[in-house]
Amino acid sequence: MPEPTSNPITGRTPVVIATLTILALLGFLGVTRLVNRFQEQQKALARHLYEQGLAEQQAGKPELALEHFRAALTYSRDNFQYQLSLARALRDSGRTDEAETYLISLWERAPQNGAVNLALGRLAARQKNLDKIIQYYHNAIYGVWDSNPEQNRLNAWFELIEVLLRLNARPQAQAELIALSANLPPNSEWLLRAADLFAQAQDYEHALAEYRRVLHLDRSNPRAAAGAGEAAFKLGRYRTAAHYLEAATRANLQDAQIAQMLEISNLVLQQDPFTRGISMEERNRRIRAVFDEAGQRLDTCMNSEGREPNPPGQVDPLPQLKAQWAQMKQRLIRLGRTGESGLADEVMDLVLQVEQQTASCSATPQDQVLLLLAENRAGVEQ
Amino acid sequence: MSTFLRIPPELSGATQEDKCDAADSVRTRPRFFVAATLGEERFFLILAVFIGIFAGLAVVCFRLAIDWTRIGLLGAAPEPHMLRVLLMPALGGLLVAVLVIHFFPQVRGSGVNQTKAALYIFNGRIPFRTAVGKFITAALAIGSGHSLGPEDPSLQIGASLAWAIGWRMKLSKEKVRLLAPVGAAAGLAAAFNAPISAVLFVIEEVIGRWSAGILGSVVLSAISSVVVVRWFLGAQPLFRIPPLAVFRPAELLAYAILGIIGGFAAVIFAKAIGYLRPRLLALPQWTQYLQPALAGLVIGLIGYLGAPQVMGAGYEYIDQAMHDQFTWKILAILAGLKILATTLSFVTGTPGGMFAPTLFIGAMLGGAVGGVERHFYPHLTGTTGTYALVGMGVLFAGFLRVPMTSVFMVVEVSGDYSIIVPVILANAFAYVISRSLQFIPIFDLLTRQDGLNLPSLEEQREESVLHIEDAMKPPPTPVLDSDETVQDAALQTQQTPSNLFLVRVNPTGWGSITGDLLQRYACEGKGEMTLGSLLPPQRLPYLHPDYPLEMALRYVHQTPLVPVVSRADLRKLEGVISSEDVLEKYRAAIE
């Protein structure tokens, strides 16, 4: 190799630079082809491993899925979907700290991403961290989704409510439900889901309204009819309950609970002394019948061997109630006479007391009817 | 040139002749050709950019080659087949040995000290064949699972490419020599995707001294290579850095402990290599065929028995360690096994680098120490990632002994300056321990084992530098003034034994006059004339007390006494220095 001379670059510079530039361009072209081929191969490998991971996850093997997702990420490190799947697998395999670290790093890259926020929300749900649950689920609800944004947002919203209910955060759940129901499209499936959640949150008024919205869209929906019947039943609106429960039964909904509620509703309606349109005689007869049944209940319970003993230092209320019942029996002769307009209410109060105090004794549907009649003297007819 | 770059001719540094030529060129030639008059300095900067581009392209190919080899030999599955894990490193080692012995004898080892030797001994020359050999053998070794990294080979490939590009350019010998570090910085920056660390490493480890002259070209080549690599492979780092925890000042103690443990680990690592390498080299020639294969077999066995993480460069496992995916016990075991595996791979002459294994060991050790500390003191805020990151810097400082690079590398890869205090503290402990127990840094040790003696920045740092103030004598009396008459000066000097007197010349210069000359002027009837009017126009050179002593050597032969004056007041004499004083001081320093 000849020794380079110390001759400075003079007239050759443009040629040298041009030559180097051409060589660099050729190098770029060659390396581009190589890199493209390499990246295609890597992507294919990553995709294959990812699919294996998904299959493992669906088969309930998050630990194996984890390995495949990790391997997929070694070939496609920046793939958001793979990273998210890895984080989910970490969460599903109980490695919540690791999952959180991973998800947080994803969240830092895309804080608006709905899927990442949903995964973080689910992680927070595992950790029972209410503030974070609400924060991340809200981010997911109002975040960006790559596909089916409307459906994903609503699903995230429903999921948030379910999580809140599971954690007994009923006020927050109700607030979310009210906001959600205002945003629901006229879709019986979504509305039914919201109605069920209202019922689960014991907000029967809203539940009934949602079930009615469903029935407005789909008259023959037996689940909506049953739900509406149950909600009305819980609200003490036995006529409405009976109407919907009969509709549900007519639609061949075989459910013992529905049947029982229907039976009770009908009994309540049959025995309700405050039903409008019945004669005074009939009203008094119903009151006497209810009163007699309460007396029998009292006797049965007082003589029952399996009755729970009273707490120490507390007087047994049943003998006292029996005495009250006996006194009321004397007064009951005056039922229906002028000047005794408050007697019916007094009788029903006593019936309520009896039913409440004998709750520990085994109850029949008839006892439940008495209790409901005594509790809901105004609303039974609705 | 000046028109082309829009720099006024008077600022361009060109001679008058150049300016006239340039003016002619502007009048008679197209504008592009005006650039033809680029000086060598500027051309070298442009060349550095091209070197960076070519080094970047080469490193991209090198990384693809390693990955393809790994997939080809070990498979793409998350858990490679155990038989492959056991056998492939050995087979790879055997093939590498054949290639090294028969085709590429210059490619043994990491490539850092070979590049340094090229700079200081072979005028920057690293044959292109070496780049080709390093590319093939290192890709084969790392891809088959040997515990080595791609950075040091990339450094050597870059340096070799730089020579291949630059030697035909008829550059001056000085510039040709500088091609090696320029290419080395480009190669390393491309491999590690971190230009600042690469530049610092090349300055600390390859050039071995701080030199502003080369900095521009090194930085340009490093940056252009990183741009090329990022163009093709993306800007993501080799491992992801988790969010770092903010530390409390009291936690510095925890990082200091990490520094101490890391320092000892670095010493064990360096001593193992320093002890085994010459002994294996001294074995009969035929064993050289088997040594990399046997090392590969042991590494394969480690992988087979449950620690495949130690195979290859291991960046993905650094990433996992940083993200808390191993317990501290596993981290500690991996650190120990990696020291063993890397030592075996390296001492058997398998081509590959120490950079990645050092980071791996540091990360695992850091994570393990952090894990133990947090086990006993759960209130510590540092995450495993934070300790792993500091651990990487610790091993860099302790094993490679590049303290500046070790700090900036951590800051550069993390992009977080908040970690700098723990890093500096831990690195300082590791460095001091390593310096005390392993006097010669690892790359210097390897160079000396190869029979070479190259300059080292560490030696330079610790060399005691003599200054003028160490050798100067107090100012002689009297010191004359140029406004004094000859008669007054003669009167002042007649009682002194010295015959040479310094004269303070207005406004700031210094001169000297002998007693004999004063007498002669007096006899010639010039007694009323001032000294200033009689002194020759040339002034004496002067020095400042903080100048290095070697600077005095430039002047002491011109005059018997060189004035040493204050920087604040050039008329204030701090002392004088003569050739005898300088020599006497050097003699004393040697004794």
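Quick one: which residue in B:Arg125, B:Arg84, B:Arg108 is at pLDDT below 95, over 22 Å from the mean Cα position of the chain (by Cα) and either over 19 Å from B:Gly314 (Cβ atoms) or in the same structural domain as B:Ala194 (by TED's automatic domain parsing) (or both)? Talk me through it step by step, then tell me what you get.
Details: B:Arg125 fails: over 22 Å from the mean Cα position of the chain (by Cα); B:Arg108 fails: over 22 Å from the mean Cα position of the chain (by Cα).
Residue meeting the stated conditions: B:Arg84.
Okay, residues lined up against (1) in the same structural domain as B:Ala293 (by TED's automatic domain parsing); (2) among the aliphatic types (A, V, I, L, M); (3) touching a residue at least 60 places away in the same chain (Cβ under 8 Å); (4) crowded, with 24+ Cβ neighbours inside 10 Å:
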{"site": "B:Gly336", "(1), (2), (3), (4)": "yes, no, no, no"}
{"site": "B:Gly353", "(1), (2), (3), (4)": "yes, no, yes, yes"}
{"site": "B:Gly362", "(1), (2), (3), (4)": "yes, no, yes, yes"}
{"site": "B:Leu365", "(1), (2), (3), (4)": "yes, yes, yes, yes"}
{"site": "B:Arg374", "(1), (2), (3), (4)": "yes, no, no, no"}
{"site": "B:Leu380", "(1), (2), (3), (4)": "yes, yes, yes, no"}
{"site": "B:Gly393", "(1), (2), (3), (4)": "yes, no, no, yes"}
{"site": "B:Thr405", "(1), (2), (3), (4)": "yes, no, yes, yes"}
{"site": "B:Phe408", "(1), (2), (3), (4)": "yes, no, yes, no"}
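This table checks each residue for (1) buried (at least 19 other Cβ atoms within 10 Å of the Cβ); (2) in the same structural domain as A:Phe198 (by TED's automatic domain parsing); (3) out of contact with any Ser or Thr (no Cβ under 7 Å at 6 or more places or on another chain); (4) modelled with pLDDT of 75 or more.
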residue: A:Phe233; (1), (2), (3), (4): yes, yes, no, yes
residue: A:Thr240; (1), (2), (3), (4): yes, yes, yes, yes
residue: A:Ala256; (1), (2), (3), (4): no, yes, yes, yes
residue: A:Arg288; (1), (2), (3), (4): no, no, yes, yes
residue: A:Arg297; (1), (2), (3), (4): yes, no, no, yes
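Can you list the helices (runs of 4 or more DSSP H) lying wholly within region A:121-203 that have 1 or more residues being closer than 19 Å to A:Ala231 by Cα and modelled with pLDDT under 90? Steps first, answer last, please.
Numbers: elements: A:130-142, A:149-166, A:170-183, A:188-200.
Ranges flagged: A:170-183, A:188-200.
Taking B:Leu64, is it under 24 Å from A:Leu20 (Cα atoms), over 24 Å from the mean Cα position of the chain (by Cα), modelled with pLDDT of 85 or more and not assigned by TED's automatic domain parsing to the domain that holds B:Pro357? Break it down stepwise before answering.
Details: under 24 Å from A:Leu20 (Cα atoms): yes; over 24 Å from the mean Cα position of the chain (by Cα): yes; modelled with pLDDT of 85 or more: yes; not assigned by TED's automatic domain parsing to the domain that holds B:Pro357: yes.
It is true that B:Leu64 is under 24 Å from A:Leu20 (Cα atoms), over 24 Å from the mean Cα position of the chain (by Cα), modelled with pLDDT of 85 or more and not assigned by TED's automatic domain parsing to the domain that holds B:Pro357.
So in region B:67-96, with the set limited to residues that are among the hydrophobic types (A, V, I, L, M, F, W, C) and buried (at least 24 other Cβ atoms within 10 Å of the Cβ), which one is farthest from A:Ala44 (Cα to Cα)?
In this case the residue turns out to be B:Val96.
Please work out which residue is farthest from B:Ser482 (Cα to Cα), limiting yourself to region B:507-562 and to residues that are acidic (Asp, Glu) and in a loop (DSSP other than H, G, I, E, B). Please lay out each step first, then the result.
From region B:507-562, those acidic (Asp, Glu) are B:516, B:524, B:528, B:546, B:550; that's our starting set.
Pick out the ones that are also in a loop (DSSP other than H, G, I, E, B) and you get B:524, B:528, B:546.
Numbers: B:Glu524: 19, B:Glu528: 13, B:Asp546: 27 Å.
Top of the filtered list is B:Asp546.
What are the residues in region B:422-473 that are surrounded by fewer than 16 Cβ atoms within 10 Å (Cβ to Cβ) and part of a strand (DSSP E or B), if any?
Listed by number, the list holds a single entry, B:Lys473.
Can you pull out the residues in region B:536-572 that are over 24 Å from B:Pro474 (Cα atoms) and surrounded by 16 or more Cβ atoms within 10 Å (Cβ to Cβ)?
Selection gives nothing.
Assess whether A:Glu381 counts as being acidic (Asp, Glu) and either modelled with pLDDT under 75 or outside any helix (DSSP H, G or I) (or both).
Taking the combined requirement at face value, the residue satisfies it.
Which condition number does B:Pro243 fail, the rest of (1) over 30 Å from B:Lys175 (Cα atoms); (2) surrounded by 20 or more Cβ atoms within 10 Å (Cβ to Cβ); (3) in contact with a Ser or Thr (Cβ under 8 Å, 6 or more places away or on another chain) being met?
(2)
Could you please give the count of residues in region A:198-242 that are aromatic (Phe, Trp, Tyr) and closer than 16 Å to A:Leu165 by Cβ?
Within region A:198-242, the subset aromatic (Phe, Trp, Tyr) is A:198, A:204, A:211, A:233, A:238.
Narrowing the set further to residues that are closer than 16 Å to A:Leu165 by Cβ leaves A:198, A:204.
Qualifying residue count, region A:198-242: 2.
The values are calculated or read from the model by the stated rules, or taken from the named source; none is laboratory data. Because the structure is predicted, anything quoted here is derived from the model rather than measured. Ideal geometry is used to build each Cβ from the backbone, glycine not excepted, and the neighbour counts take in all protein chains shown.
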